[in-house]
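Notes to accompany the following structure.
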Amino acid sequence: MRVNRTSWAIAFAIMSSMALVVGGNAQAATSIFVGDYSPQAAGDYASGPNHVLPTSGQARFRGGLSVLDFVKLVTVQKLSPSGLQRIARTVECLAEIEGLQGHAESIRTRCANA
């Protein structure tokens, strides 16, 4: 394989985006730039998520950071009386196993009024 500036730059981009390489296998890549027309700068600014790794070793189990990491997500849940009845036994059981008697009681109270 002939090594030129372009292939060296691609190899550098690939290697710099990896947090750990063991036996030739990427263990924590966040972005891999492939081909002559896929420079790291394109990924940083326009073509996809950047390759910034999370800190404190978290790159071992997750990819790079994106704008979604800075968005607060809130779930909204609405159960019908019959929906709550269907899951009540399971929820009560799990709450009691965890020692959360108040959680279990909140299910019993609502099911009694449903």
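The values are calculated or read from the model by the stated rules, or taken from the named source; none is laboratory data. Every value quoted in this text rests on a predicted model; they were computed, and no experiment measured them. Quick reminder, even Gly has a Cβ in these numbers, built from the backbone with ideal geometry, and neighbours come from all protein chains shown.
Taking the criterion of being surrounded by 16 or more Cβ atoms within 10 Å (Cβ to Cβ) and either among the aromatic types (Phe, Trp, Tyr) or modelled with pLDDT under 60 (or both), the residues of the range 24-57 that qualify are Ala28, Phe33, Asn50, His51. In the set Val21, Val91, only one residue is β-branched (Val, Ile, Thr), at pLDDT 75 or above and either in contact with a strand residue (DSSP E or B) (Cβ under 8 Å, 6 or more places away or on another chain) or surrounded by 12 or more Cβ atoms within 10 Å (Cβ to Cβ) (or both); that residue is Val91.
For the range 97-107, residues that are assigned to a helix (DSSP H, G or I), exposed (fewer than 14 other Cβ atoms within 10 Å of the Cβ) and not aliphatic (A, V, I, L, M) total 3.
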